[in-house]
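Everything below concerns the one structure shown next.
The values are calculated or read from the model by the stated rules, or taken from the named source; none is laboratory data. The structure displayed is predicted, hence computed values, not measured ones. Quick reminder, even Gly has a Cβ in these numbers, built from the backbone with ideal geometry, and neighbours come from all protein chains shown. SASA here: full protein model, heavy atoms, side chains in, ligands and nucleic acids out. Shrake-Rupley method; radii C 1.70, N 1.55, O 1.52, S 1.80 Å.
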Amino acid sequence: MQNKYKVLVCGVGFGQFYIKAIENISKNFEMVGILSNGSELSREYGRKYKVPIYTTLDEVDLKQIDLACVVIGSILIGGIGSDLVKKLLNSGVSVIQEQPVHIKEYIDFLKLSKGKRCFYKLNTFYPNLRSVDTFIKMSRNLNALSQIRYVSAQCSIHVLFTLIDIIGRALGGLKPYNFKKISMQNMESPFEIVEGYIKNIPICISVQNQMTSKNPDNYMLLMHKISLTTNSGSLTLSGTNGPIIWEPCLDKPTDKNNKFNLEEKNEFSELKTFEIMEGGEVTYDNMMKLSWVEAISKSLLDFTNNMNAEKVNVREQQYLISAIETWQTLSKELGQSDTIQPYEKVAIQMKDLLQGGNNYE
């Protein structure tokens, strides 16, 4: 095992999280260059970490690179990320690429990496967040205790692929699936509704199918919200960063005549009406600088552990093929996103909503 993986980071948008992650796990990784369009931000990172800034891959001595993190949009979203991945893999450089990608690209990259005796990983990111990872594990335990009968989910179109990814991991698979968009004619709603089933479980997904032309991530009404309903209660990931809420079902106590009796108790009587699995209240600043960076660190370590063991996670690859296919089918059913203009937002805290006390008059 080598002491450190020499890493090229491509892109300084979301790529900033990879730069911070590499810094946090510097025992295993060393960033040796940044590939970007030469922006001032990239130059700032170059000065800070004392690494060269490249504007084309031809400038990079790829023999000195063990791993490239491609955090530039793929062809699917109009970026050059996929071209970079292809060139890197063709040169025998292992690549971790940030989602999403087209199904054909993904399969081509898997084949290319195998042929060139290097490694390729599509990083879907969110399952490595502690809140999402906990929700996935709790969902699988729930399904073993009480069969999941219905899924309700909400997201922005920006994170639709990762919503499907989280649901698939929570349910232990995606196939068979089917989707049908519900007409929203004559309704001025930011959300479009799709009904259908995933893994034969009925599902309803509300998607904010809207984009702004500039700074699109700042105009998402929400990211991920998922609720799983069973005979025994509902488990909800209230947001990408939690909290997770368990609401057991109501079962009224009855007497010997099978009539509701307030004086009686049953095994449900002492259950709390809801329980919250809290990850602690954090600011968005801490979320990005700590939680999200930690998730990227985990992705990098998992990937290089497989590289070091010369082991390909075939099960993960097959699952992601299914996830990408499911997402592309759902996206086709939704249709093209509407273009909207930036709108005003206000920074609101809970205390702002409680001012004046409980006045119901």
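Using a probe of 1.4 Å, the accessible surface attributed to W246 totals some 60 Å² when neighbouring protein chains are kept in position.
Divide, for region 262-348, the radius of gyration over alpha carbons by 2.2 N^0.38 Å, where N is the residue count.
1.86
Taking square-rooted eigenvalues a ≥ b ≥ c of the alpha carbon gyration tensor, is region 279-321 rounded, prolate or oblate, where a/c under 1.5 means rounded and, failing that, a/b exceeding b/c means prolate? Taking the square roots of the gyration eigenvalues as a ≥ b ≥ c, region 279-321 is prolate.
Dipole of the chain, Cα-centred, from +1 at each Lys and Arg C-beta and -1 at each Asp and Glu C-beta, to the nearest 20 debye?
Numbers: 40 positive and 39 negative charges, 264 e Å.
Computed about the Cα centre, the dipole is about 1260 debye.
About the Cα centre, and with charges only on the beta carbon of Lys, Arg (+1) and Asp, Glu (-1), how big is the dipole of region 56-141? Nearest 20 debye, please. Write out the running numbers ahead of the final one.
Working: 12 positive and 9 negative charges, 103 e Å.
I would put it at about 500 debye.
What the Cβ-Cβ distance of T283 and D58 gives, at R0 = 56 Å and to the nearest 0.05, is a FRET efficiency of 0.85.
If R0 is 22 Å, the Cβ-Cβ spacing of C249 and K225 corresponds to a FRET efficiency of close to 0.60. Select from Y319, Y49, Y150 the residue whose mean-square fluctuation is largest in a Gaussian network model of the chain (Cα-Cα springs shorter than 10 Å). Ranking Y319, Y49, Y150 by mean-square fluctuation puts Y49 first. Estimated from the Cβ-Cβ distance and a Förster radius of 56 angstrom, the FRET efficiency linking R117 and Q355 is about 0.30.
The alpha carbon centroids of region 141-165 and region 66-133 are separated by 25 Å. When the Gaussian network model of the chain links Cα atoms closer than 10 Å, the mean-square fluctuations of N24, N215, N200 top out at N215. Computed over protein heavy atoms with a 1.4 angstrom probe, the accessible surface ordering of F260, F125, largest first, is F260, F125.
With the Cα gyration tensor of region 89-221 giving a ≥ b ≥ c as the square roots of its eigenvalues, does the rule (a/c under 1.5 for rounded; else a/b larger than b/c for prolate; else oblate) give rounded, prolate or oblate? Oblate shape, in that a/c is at least 1.5 and b/c is the bigger or equal ratio. Relative contact order for region 12-53: 35 percent, from Cα pairs under 8 Å spaced at least 6 residues apart, divided by residue count. For region 212-355, the carbon plus sulfur part of the accessible surface works out to 50%, probe radius 1.4 Å. Counting 0.36 nm for each residue step from Q147 to A309 and taking away their Cα separation leaves a gain of 54.6 nm.
Restricting the calculation to alpha carbons of region 142-186 gives Rg and Dmax of 13.0, 43 angstrom.
Taking 0.36 nm per residue of sequence separation and subtracting the Cα-Cα distance, how much length would be gained by fully extending the chain between Q341 and S39, in nm to one decimal?
Stretched fully, the Q341-S39 segment lengthens by 106.1 nm.
Identify the trypsin sites (Lys or Arg not before Pro) of region 272-361 meeting these criteria: DSSP loop state and at most 11 other C-beta atoms within 10 Å of the C-beta. Here the trypsin sites (Lys or Arg not before Pro) that fit, given the DSSP loop and packing criteria, are K272, K311, K345. Take every Cα-Cα pair in region 111-178 and report what % of them are more than 14 Å apart. Result: 68 percent of Cα pairs exceed 14 Å.
Accessible area ranking (1.4 Å probe, heavy atoms, ligands and nucleic acids excluded), largest first, for E270, E247: E270, E247.
Normalised by 2.2 N^0.38 Å, where N is the number of residues, the C-alpha radius of gyration of region 1-91 stands at 1.02.
What does the helix-only formula give at 222 nm for the chain: each DSSP H stretch with n ≥ 4 adding -39500 (n - 2.57), the total divided by the residues, and the result rounded to the nearest 500 deg cm²/dmol?
Working: 9 runs with 114 residues, N = 361.
Helix-only estimate at 222 nm: -10000 deg cm²/dmol.
Remark: the E333-D83 segment gains 87.2 nm on full extension, using 0.36 nm per residue and subtracting the alpha carbon distance. Note on the chain: with a GNM built from Cα contacts shorter than 10 Å, the maximum mean-square fluctuation among L250, L237, L320 falls on L250.
Please compute the per residue accessible area over the chain with all protein chains in place, 1.4 Å probe, rounded to a whole number of Å². Display every interim value, and only then the final one.
Details: 20790 Å² over 361 residues.
Counting only protein heavy atoms, the per-residue value for the chain is 58 Å².
Over the chain, what number does the Rg to Rh ratio reach, with both radii from the alpha-carbon atoms and Rh per Kirkwood? If you can, show how the numbers build up before the last one.
Working: Rg = 23.2 Å, Rh = 22.7 Å.
Computed over Cα atoms, the ratio is 1.02.
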